[in-house]
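Structure record follows, encoded as structure tokens.
The values are calculated or read from the model by the stated rules, or taken from the named source; none is laboratory data. Please read all numbers here as calculations on a predicted model, not as lab measurements. Quick reminder, even Gly has a Cβ in these numbers, built from the backbone with ideal geometry, and neighbours come from all protein chains shown. Areas reflect the complete protein model, heavy atoms only, side chains present, ligands, DNA and RNA absent. Shrake-Rupley method; radii C 1.70, N 1.55, O 1.52, S 1.80 Å.
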Amino acid sequence: MSSANYTTKSTPTMQETIFYKICKVLLVSGLVLFVIFLFFFKDPSCPSSSFFSISPKFAKLTTTNNFPSNSSNNDESSPLNLSHLAFGLQGSERTYHHRKHYLESWWRPNITRGYVYLDTAPTGDLLPWSEKSPPYRVNDDLSKLLEEIRPRSPLMPRMVHGILELFREEKQGLRWLIMGDDDTLFFVDNLVDVLSKFDHRKYYYIGYPSETVMSNYWFNFNQAFGGGGIILSYALAKALVKDMDRCLRTYSNLSADLMTMACLADIGVNLTPHKGVHQTDLRGDLSGFLSSHPKELVLSLHHLDVLVPFFPKLDRSESARHLMKAGNIDQSRLFQQTICYHRQKKWSFSIAWGYSAHIYENVLRRSWLVNPIETFQPFAKNARPPHFMFQTRRPFGDPCEAPHVFFLETIEKNSLGNEIITVYNRSGPRGLPACAATGNNSAEYVSTIRVISPAIKRTEIDRCECCDVLGLEDTGIAEVKFRECMEDEIMA
């Protein structure tokens, strides 16, 4: 007789029964909490599937304003790059016909974010719109608001309201909002390097007052002038946008830049100044100022229309493009002043990298050479001194103090790619005799200065670079090489 296998069914113990019941309760409770979370706590800025989509009735409970949190943007801990910056460039249809070349000299199509804002739609030779230009937008129609508040000038609220218009369109992934004009040059690599030292999640208002006493007296010594650039962190821009209606109504009698400062002061924020932001309330020849630039990364230059072209043989548009040849290779050194000496000749060399070079037929101390030569005039005509917010040197005809002037001609990297060669050619004859006090060693025969610098970005500029004069050829070529200063080196 064959045997059969039987399976014996056991009865669960009391402990197992209790365990199963607890698991069931936890599972049901978890599902209930998950559904509640989906319906009531979902971040409206996050994408959702159609299955878990929220009805409009519940969506209203999760939204407090039209500008959602930046939490859904790129990783907040990632290093700052140009895609985190957005530019709002205020212009007009009338002026942009001849100013577009300024913006096109520094704008990087499909890389730089932002818009040029016009008062009316473009016409004439602006169409079709150039791909080299920033995209354009026509400013919002504020006619009803202007009729209510009756501002001193309709242009002022329009410019401040531009902050809202830019934020509204470019808030996604935004960390810094930068306002300027259509005749402003921005140096975007330097902006990234400077702003990377600040936390965009905190409230920052960055810029600089005017270079002239009178402009600051007329407006405010503690405001950022908008032509040079008004830089707002994401957190502060968001706060200002929320307060925009009250801001425009309360301060309608002020200028745009002063209105912005006043509204930000009401939020509790003061200006963080940066000397690389240049309103450039100056007229005429800016070369004396740029050749002794402050020891800060240059961030902007404004008012190109009232300045002599940066380079004597070029017009304004060509000068902007020529300057950006150096700016596109190494903005960290642009305009940075480096000084060294040729002891045998008793000459001083002053190099404003990427722009100009000076030779003085005398050994002049750095504390003197860092003061700009007053080749320029204040923006306001017939203004009484003091004119400027910085010390200057007067362009006296003293052959021991007047420089031989050279301007950037070419720039390139060497074959190894580890050095940058900038060449500066003489602007013209100095028109003065040699300096008798140092032995009549005239530098008039020097026609070219060749400068060698490391192909390494230099963003930490707590101390300037040093340099050596490597040689003076009979052919009229001087060669200078940049290097880091030694620990105990004294430039004298």
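Here are the numbers:
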item	result
Checklist (1) on the phi > 0 side of the Ramachandran plot; (2) surrounded by 15 or more Cβ atoms within 10 Å (Cβ to Cβ) applied to Asn440, failing item	(2)
Residue pairs meeting the criteria (Cβ under 6 Å; at least 6 apart or on separate chains; first farther than 15 Å from Lys346 by Cα, in the range 437-457; second assigned to a loop (DSSP other than H, G, I, E, B))	Tyr445/Gly476; Ser447/Gly476; Ala455/Asn418
Filtered residue count, the range 165-193, keeping only those that are out of contact with any strand residue (DSSP E or B) (no Cβ under 8 Å at 6 or more places or on another chain) and assigned to a helix (DSSP H, G or I)	4
Selection count where residues are open to solvent by 40 Å² or more (accessible area, probe 1.4 Å) and of a type in the set (Phe, Trp, Tyr), scope the range 377-392	2
Restricting the range 393-407 to residues that are open to solvent by less than 30 Å² (accessible area, probe 1.4 Å) and either in contact with a strand residue (DSSP E or B) (Cβ under 7 Å, 6 or more places away or on another chain) or among the aromatic types (Phe, Trp, Tyr) (or both), the residue that is nearest to Ser447 (Cα to Cα)	Phe406
Test: residue in the range 419-427 that is loosely packed, with under 15 Cβ neighbours inside 10 Å and in a loop (DSSP other than H, G, I, E, B)	no
Residue ID - most open to solvent (accessible area, probe 1.4 Å), chosen from residues in the range 458-473 that are in contact (Cβ under 8 Å) with a residue 12 or more places away in the chain and of a type in the set (D, E, K, R)	Arg463
Considering residues of the range 365-376 that are surrounded by fewer than 15 Cβ atoms within 10 Å (Cβ to Cβ) and touching a residue at least 24 places away in the same chain (Cβ under 8 Å) only, the residue nearest to Ile339 (Cα to Cα)	Arg365
Among (1) touching a Ser or Thr at 6+ places or on another chain (Cβ under 9 Å); (2) open to solvent by 10 Å² or more (accessible area, probe 1.4 Å); (3) within 28 Å of Gly431 (Cα to Cα) - the single one Trp347 does not satisfy	(2)
Close pairs from the range 257-276: first in contact (Cβ under 8 Å) with a residue 24 or more places away in the chain, partner among the β-branched types (Val, Ile, Thr) and open to solvent by 20 Å² or more (accessible area, probe 1.4 Å), Cβ under 8 Å, at least 6 apart	Cys263/Thr250
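This table checks each residue for (1) open to solvent by less than 10 Å² (accessible area, probe 1.4 Å); (2) over 25 Å from Arg99 (Cβ atoms); (3) of a type in the set (Gly, Ala, Ser).
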{"position": "Met179", "(1), (2), (3)": "no, no, no"}
{"position": "Phe187", "(1), (2), (3)": "yes, no, no"}
{"position": "Ser196", "(1), (2), (3)": "no, yes, yes"}
{"position": "Thr212", "(1), (2), (3)": "yes, no, no"}
